[in-house]
Structures are given as C-alpha cells and as structure tokens.
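Data first, discussion second: the structure below is written as structure tokens.
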Amino acid sequence: MNSLIGVSSSAPSIHRVVMKHRYGKDPIFYPLRALSYALSHRELLWVILQIACVGITISIIVLVILLATALLPQAAAISSNLEWWAWLIAVFLVLFEAGIVSVVLMSVSQSKAQTTVFTATMKIEGVWREDMIEQSIAKDLNPMKKAFIVRILTFPLQIIPFIGGALYSAINATFIGWDHMDRYFDAIQLPSNLQRVEIFGQELSDCRALCYPSTYDLDNDIARFGFFCGIIESAPIIGWVLGPITNAIAAALYACDIENSGGLLCLREEGKDEENKVSHSAPPGPIAALREKGERIVQLGESIANDEKDSQASRYLKKKVRETIISSLSHKT
C-alpha cells in the first residue's frame, strides 16, 4: 500500500510501465475473473441466465429473419453471379446487422441487468456504501457515449472475424473501459473533470483526448481493462448478449480493488491539495496560537535581558570615564 502511494506521489502521470499498475492488479484480467466469479455466485448467475434467455431469443429471431430476407439480396448486390465469396461477405453483413438490431431491442433490460450485477458484486465484496448511488438507465443509454463519432466510424471493423473485433477494441479501449467504470464513478459521484484526470492524467476534452498518445497506449490501466472488455463483447451473439453483463461484474471487481487500496488516486491528490490550501489560508488553531504566543514571550524576555545588559554596560562606562576625568584633574592640580 505504501509503495503504491509512493509511486503515485512521485509523479502525477496516470500511465506506468505495464508491471506497475496503479491499484496493484493488471486490469486486463478482470473480465476473465468476472466469468468465474459469476459462476460461483448464484444471485449473479440468475440475473445472467435471465438476460441470456431474453437476449439469445431476440438474437436468434432477428438473425433468422435477416437470413431469410436480407442474405440473398445482399449476396446478389455484392456479385450478380453469386460467387461463394459474395455469400461469405453477405453472411458477415447479416451477422453484423443482427448484432446492431439485437443490441437496440434489448438495451433497456440489458442496462438494468448491468446495474443490478454491478451493485450486487460490490455488496458481496462488502465495499458498497450507503452514500453510493446506482447509475440511472437514462444515463447508461445516453447515445452520446465517449468518443461517439470514432466508435461509430470504427464499428464496421467488427464485420471482420476476430481481427476486426481486436482492432475495434484497441482503437476504442480507453473509452470502452471508461464507459464500464462510469458506473463506479457515478456511484461515488465523481465529477467529470476528475474522471478525466483519472483516465488521462489531466483534464482533457474528448476531442483533445482523441489526439492524445496515451489514449491508445495499452499501458494505460483503463485502456487495458477496456480492450479485453471490447474483445469479449465483439463475439457474435454470446458476446452481444452476455458480454456487457459479465463486464459489469468485472468493473465492480475493479472498483472493489480501487476502494480497498484507499480510493482513486485523483481523489487522494485532490485531498492533498485541499489540505495544503487550508493549512496556508486557515487561521491557526489553539495549539498553534499558544505556541506563537510562547515564542513572542521568549523573544520579549530576551529583548529585556539585552536591554538590561546594555544599561549595565553603559553605567560601567560612564563610571570609568568619570574616574578617568577626576584622576587627570587631580594630577594637574
């Protein structure tokens, strides 16, 4: 713990060498840990099974409808001769379209499930406090997510199996991680400016952050967390349906470790700044006032003693001068 505080106070930068993570553990493993954690806790598993049944049912229905109605027209549009590669591309397009439609249709129930498992996980770990608040569905479903334009422009990359999902996750890793940790930031009511300090190391707008090198640096803890969350969510059907739920558990586990380590570093730095301001601006307390008064009394006593010494020396000098004058006069007479 002390070593972590020492590292954080020596330099305010958020980004460290991979082996030196800000809260002790590598965030890239939280999404994997969340899978086993969910399986070992019945209350979480029940929520996941409920949303899985709803989501998979919706996804299968949407996929069947699109395969029946959109596959042939898209293959024909790609190649009039219906070559095998045209069918392959059309299948990927249908999967991509089915994912978008499924996510939109089950977004409300999925958002509610994410909030439920996030809060439940923190309560299981004994970290949830009474002053924490749950994120609202309206806030979670806000379409203007972080770096929304970039995420929309890069979303078609997920058409490419595996590699496309990895590229999309790498480009948007920081913002994906921020979206998932937003539930924790809302729970502790962390202001937007301090969220940016925590994520980027300084207060940056989304536009500036897009051009900031560390935004795409996988040594950034939030980026490492978001990258693997994005990989899981890019898996067809299972990832679309269950990925956001297990990633909400991962975010809760990450938040628990942050709380157990003493809280966010940006809040610790903010607290130090406030203490410094108070110490410089606030009037002295009773003990400080007594100490100051004692120092003044000592100084006054020393001054009086010095004055007394000066007066004694002056009288001695006057006496010697007088004796010298009388002696010289007596010799003349």
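Assorted remarks:
- Averaged per residue, segment 71-208 has 50 square angstrom of accessible surface, using a 1.4 angstrom probe with ligands and nucleic acids left out.
- Simple point charges give the picture: +1 on the Cβ of Lys and Arg, -1 on the Cβ of Asp and Glu, and for segment 67-194 a dipole about the Cα centre of about 80 debye.
- Couplings 3J(HN,Hα) for segment 236-245, derived from phi with the Karplus relation 6.51 cos²θ - 1.76 cosθ + 1.60 (θ = phi - 60°), are x, 6, 4, x, 4, 8, 9, x, x, 6 Hz, where x marks Gly and Pro.
- Sorting TYR216, TYR168, TYR184 by accessible area puts them as TYR216, TYR168, TYR184; the probe is 1.4 Å, largest comes first, and only protein heavy atoms count.
- Full extension of the chain between ILE100 and GLU125 gives 5.6 nm of extra length, using 0.36 nm per residue less the Cα-Cα distance.
- FRET efficiency, 1/(1 + (r/R0)^6) with R0 35 Å, evaluated for LEU39 and ALA138 via beta carbons: 0.65
- Taking trypsin sites (Lys or Arg not before Pro) across segment 73-170, the ones in a DSSP loop with at most 16 further Cβ atoms lying within 10 angstrom of their Cβ are ARG129.
- Relative contact order computed over segment 31-107 (Cα-Cα under 8 Å; 6+ residues apart), in percent: 33
- Using the Cβ-Cβ distance between ASP26 and ARG268 with R0 = 25 Å, the FRET efficiency computed as 1/(1 + (r/R0)^6) comes to roughly 0.75.
- Subtracting the Cα-Cα distance of LYS112 and GLN189 from their residue separation scaled by 0.36 nm leaves 25.8 nm.
- 13 Å cut-off, amide nitrogen to a point 7 angstrom out along ILE159 Cα→Cβ, residues in segment 84-99: 86-98
- Fraction of accessible area attributable to carbon and sulfur, segment 22-118 (%, probe 1.4 Å): 75
- Net +/- balance of residues flanking SER136 in space, Cβ distance below 13 Å, scoring K and R +1, D and E -1: -1
- VAL101 sits with roughly 60 Å² accessible to a 1.4 Å probe, with DNA, RNA and ligands left out of the calculation.
The values are calculated or read from the model by the stated rules, or taken from the named source; none is laboratory data. Since the structure is predicted, the reported quantities are computational estimates derived from the model, not experimental observations. Because the Cβ atoms are built from the backbone with ideal geometry, glycine has one as well, and the counts that use them run over all protein chains shown. SASA here: full protein model, heavy atoms, side chains in, ligands and nucleic acids out. Shrake-Rupley method; radii C 1.70, N 1.55, O 1.52, S 1.80 Å.
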